[in-house]
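Below is one structure; the comments refer to it alone.
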Amino acid sequence: MTIEDWSESNNIWIRRASMVILLKLIMLRKDFFISKDFIFELVEKMLQYKNEDYILKGIGWLLKTCSNYKPEIIIQYLKKNKQRLPRLILRYASEKLSKEIRAEILKK
């Protein structure tokens, strides 16, 4: 099975794992080891599950981890999409950013 297969599973925990499995690899390589487009495509795919908090937390956690290594890319994505992203994702994803940037992202 691939991450794409996991992301399409009927099981919420396997869908969540499709994102969480990437965290350790990103932390080990200190970079997006795959293209940033793949990360954002996965996030966009998971946004269809807006009623599942654990999926939203997984998205936020993934983006927060990515922001440790490429903050400018994640900040740009969050700012561009802040009106349509659930607040839970924005809170988790911006957790480690500077107070000023976090405030800007969380501001409606």
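Measuring against 18 Å, Cα to Cα, the residue pairs Lys64/Lys108; Lys82/Lys107; Lys45/Lys96; Lys64/Lys99 contain Lys64/Lys108; Lys45/Lys96 as the ones spanning a longer distance. Here's the list of aspartates and glutamates a cross-link from Lys24 could span, going by alpha-carbon distance under 20 Å and ignoring same-chain residues fewer than 8 apart: Glu4, Asp5, Asp37, Glu41, Glu95. Applying 1/(1 + (r/R0)^6) with r as the Cβ-Cβ distance of Asn11 and Leu106 and R0 = 35 angstrom yields a FRET efficiency of 0.65. With contacts taken as Cα pairs under 8 Å and at least 6 residues apart, the chain reaches a relative contact order of 23 percent.
Can you give the percent of C-alpha pairs in the chain whose distance is more than 22 Å? Walk me through the numbers before you get to the answer.
On the way: 1435 of 5778 pairs.
Tail of the P(r) past 22 Å holds 25 percent of the pairs.
For Glu4 and Lys96 in one chain, what is 0.36 nm times their gap in residues minus the Cα-Cα distance, to one decimal in nm?
Working: separation 92, 0.36 × 92 = 33.12 nm, distance 2.76 nm.
Gain on stretching Glu4 to Lys96: 30.4 nm.
With K and R counted +1 and D and E -1, the other residues having a Cβ less than 9 Å from that of Ile55 yield a net charge of +2.
Each value in this text was obtained by applying a stated rule to the coordinates, not by laboratory testing. Quick caveat: nothing in here was measured; it's all calculated off a predicted structure. Neighbour counts run over all protein chains shown; Cβ positions are idealised from the backbone, glycine included.
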